[in-house]
Structure formats: C-alpha cells, structure tokens
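S.K.: One structure coming up, written as structure tokens, with questions to follow.
The values are calculated or read from the model by the stated rules, or taken from the named source; none is laboratory data. Remember, it's a predicted structure, so these values are computed and weren't measured experimentally. Methodologically, a virtual Cβ is constructed for each residue, glycine included, from the backbone with ideal geometry; neighbour enumeration extends over all protein chains shown. Quick note on the areas: whole protein, heavy atoms, side chains included, nothing else; ligands and nucleic acids left out. Shrake-Rupley method; radii C 1.70, N 1.55, O 1.52, S 1.80 Å.
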Amino acid sequence: MTDIQISKVAAKRESRLSEILDCAELHFVEKGFHGAGISGIAKECGISVGHLYHYFSSKDMLVEAVVERELTRQQERLADFQALDDTEIRDQLIPMVLETITKHQDPFRTVLNFEILAEAQRNPSVASILHRFDQNIRTEFCKVLERAGIPSPMLRTEMLFTFFSGIPARSLRHPEQERAQFLDLMKPIISSMLSDEDCGVDME
C-alpha cells in the first residue's frame with residue numbers, strides 16, 4: 001500500500017470516527033449516557049453494531065471519547081487568550097472573556113456538559129478525564145493572568161471559572177433572561193475579578 005493509499009484510509013477512518021461521535025453526542029444529549037444505546041447510535045450512523053464496535057470496543061470507550069472531544073473543544077478556546085501580545089493583554093482580556101461567554105451559550109453543548117458532570121459522579125474514568133482537562137485549562141489560564149500581571153492568578157481563575165459555570169445553568173432555567181443587560185451588569189464584576197488589587201488570599 002502506498003503512502004497516498006494509507007493517507008486515504010486514515011482520512012476515511014477519521015471521518016467515520018467523527019461521524020460516530022457526532023451521532024453519539026446527539027443520543028447522549030437526548031437520552032443521557034445511561035439511556036442511550038449502542039444500537040441506536042449505530043442505526044443513526046447507518047452502520048451495524050458490529051461495525052461500531054470495530055471503532056469502539058465498548059459503550060464506556062465511546063462515552064470517554066465523547067467526553068475527551070468535548071473537553072478538548074473547551075481547551076482549544078484558550079488559544080485566543082494565549083495568543084495575546086503582552087502589550088495588549090490587559091486591555092483585551094476582559095472584552096475577550098465577555099465575548100467567550102456570549103459566543104459559547106449553545107444549549108446543546110450545555111446539556112452535554114451537564115451529562116458529563118453527572119457521569120463523572122458515578123464513573124471514575126470520566127471523572128479522571130474531567131479532572132485532567134480542568135487542571136490543564138486552569139493552569140493555562142493562570143499563565144495568561146500571570147502575563148497580565150494580575151495578582152493571585154490561581155484564586156482569580158477559580159473565581160472566574162466558578163462564576164462562568166453557573167451561567168449555562170441559568171440560561172436553561174431562565175431562557176427569557178435579557179442577555180444584553182445581564183452582560184452589561186457582569187462587566188464591572190469581571191473587571192473586579194481581573195483588577196490589580198490583591199484578593200487578600202493566595203491559593204498558590
């Protein structure tokens with residue numbers, strides 16, 4: 001088999017994997033990790049159950065792959081923050097944080113992430129994946145705050161992440177909420193979290 005043929009086979013496999021994961025996400029959001037079945041996911045993909053098991057040897061492996069992919073998406077959002085130049089980071093940080101909140105309020109992704117959190121409570125493997133990604137994301141965001149000269153970066157990162165994690169829940173509970181007014185009210189709060197003033201407590 002030539003390199004070109006190998007490349008085509010690899011590309012076809014990646015395309016099929018992505019398709020299976022897309023179908024799995026839909027079923028997991030609709031039915032939950034426990035309610036969704038392999039047969040339904042395979043049918044949605046137009047493949048047999050045996051063919052699906054060729055890519056994922058168990059439902060647990062499929063669940064973990066979906067979790068990994070979703071958390072990877074979240075981690076990739078840090079790239080814009082990491083790309084900020086040191087001379088502009090202080091001016092751009094708060095607008096970028098607000099933009100990130102505005103752009104990433106997809107109800108589908110919110111439900112999927114709630115499913116991941118619930119699964120992490122009963123599945124040690126999923127909990128391990130979640131904790132690993134959370135630590136990586138926190139560490140990288142801390143570095144951004146350090147570059148901006150913001151004191152107590154670990155504490156402030158935890159404050160921001162805790163603050164933001166509640167926003168999707170409120171969007172589901174109160175979908176009629178006036179988003180523009182809410183974001184305007186949030187600006188001084190976020191500015192305070194990212195100010196030069198020391199919090200008085202250091203978690204580092």
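S.K.: Each residue of region 50-63 in turn: what ³J(HN,Hα) in whole Hz from Karplus with 6.51, -1.76, 1.60 and θ = phi - 60°, glycine and Pro shown as x?
M.R.: Per-residue couplings from phi come out as x, 5, 4, 5, 5, 9, 10, 6, 7, 5, 4, 5, 5, 4 Hz.
S.K.: Select from 72, 110, 87 the residue whose mean-square fluctuation is largest in a Gaussian network model of the chain (Cα-Cα springs shorter than 10 Å).
M.R.: Of the options given, 87 has the highest mean-square fluctuation.
S.K.: Here is a further query. How do 22, 86 rank by accessible surface area computed with a 1.4 Å probe, from largest to smallest?
M.R.: Numbers: 22 70, 86 100 Å².
Solvent-accessible surface, decreasing: 86, 22.
S.K.: What shape does region 1-127 have by the C-alpha gyration tensor, where a ≥ b ≥ c are the square roots of the eigenvalues, rounded means a/c under 1.5, and otherwise prolate means a/b greater than b/c and oblate the rest? Intermediate values should be presented prior to the final figure.
M.R.: Numbers: a/c = 2.65, a/b = 1.46, b/c = 1.82.
Cα axes put region 1-127 in the oblate bin.
S.K.: Still on this model: Please compute the contact order of region 34-134 in relative form: average sequence separation of alpha-carbon pairs under 8 Å and at least six residues apart, divided by the residue count, as a percent. Intermediate values should be presented prior to the final figure.
M.R.: Values: 33 pairs, mean separation 28.7, N = 101.
So the answer I get is 28 percent.
S.K.: Related question: Taking the Cα centre of the chain as origin, work out the dipole magnitude from +1 charges on Lys and Arg Cβ and -1 charges on Asp and Glu Cβ, in debye rounded to 20. Intermediate results must be reported in sequence, preceding the final value.
M.R.: Details: 23 positive and 33 negative charges, 180 e Å.
Approximately 860 debye in magnitude.
S.K.: Right, next: Hey, what angle do you get for helix 3-35 against the long axis of the chain, alpha-carbon based, 0 to 90 degrees rounded to 10?
M.R.: With rounding to tens, the tilt is 70 degrees.
S.K.: Would you work out what percent of the accessible area of region 105-158, with all protein chains in place, is carbon or sulfur (probe 1.4 Å)?
M.R.: Working: 1390 of 2590 Å².
Carbon-and-sulfur percentage of accessible area, whole number: 54.
S.K.: Rolling a 1.4 Å sphere over the protein heavy atoms, what is the accessible area per residue of the chain, to the nearest Å²?
M.R.: Numbers: 11840 Å² over 204 residues.
Solvent-accessible surface per residue comes out at 58 Å².
S.K.: Could you rank 73, 13, 173, 122 by how accessible they are, 1.4 Å probe, largest area first? It would help to have the intermediate numbers written out before the result.
M.R.: Working: 73 70, 13 95, 173 190, 122 125 Å².
I get 173, 122, 13, 73, largest accessible area first.
S.K.: Remind me, relative contact order of the chain in percent, using alpha carbon pairs under 8 angstrom and six or more residues apart? Working shown, then result.
M.R.: On the way: 131 pairs, mean separation 41.5, N = 204.
Reported as a whole number, the value is 20 percent.
S.K.: To test your reading of the geometry: what angle, between 0 and 90 degrees and rounded to tens, separates the Cα axis of helix 124-147 from the longest principal axis of the chain?
M.R.: Its long axis makes an angle of about 40 degrees.
S.K.: Please report the carbon-and-sulfur percent of the accessible area for region 1-102; probe 1.4 Å, protein heavy atoms only, DNA, RNA and ligands left out.
M.R.: Details: 2990 of 5870 Å².
Answer for region 1-102: carbon and sulfur cover 51 percent of the accessible area.
S.K.: By how many nm would the segment from residue 118 to residue 179 lengthen if fully extended, with 0.36 nm per residue of separation less the alpha-carbon distance? Can you show the working numbers first?
M.R.: Numbers: separation 61, 0.36 × 61 = 21.96 nm, distance 2.69 nm.
Length difference between fully extended and current span is 19.3 nm.
S.K.: Say the dipole of the chain comes from +1 at the beta carbon of Lys and Arg and -1 at that of Asp and Glu; which of 97, 181, 37 then lies farthest toward its positive end?
M.R.: 37
S.K.: If you find the alpha carbon centre of region 122-152 and of region 57-119, how far apart are they in angstrom?
M.R.: First find each Cα centre; the distance between them is then 12 Å.
S.K.: For labels at residue 88 and residue 139 in the simple 7 Å Cα→Cβ model, what's the distance in nm?
M.R.: So the two model labels end up 2.8 nm from each other.
S.K.: Using θ = phi - 60° and the Karplus relation 6.51 cos²θ - 1.76 cosθ + 1.60, list the HN-Hα couplings for region 170-180 in order, rounded to whole Hz, with x at every Gly or Pro.
M.R.: Along region 170-180, the couplings run 5, 5, 6, 6, 9, x, 7, 3, 6, 5, 4 Hz.
S.K.: Would you check the accessible area of residue 134, probe 1.4 Å, heavy atoms only, in square angstrom rounded to 10?
M.R.: Looks like 70 Å² after rounding.
S.K.: What percent does the relative contact order of region 71-186 come to when contacts are Cα pairs within less than 8 Å and at least six residues apart?
M.R.: Numbers: 48 pairs, mean separation 36.4, N = 116.
Relative contact order here is 31 percent.
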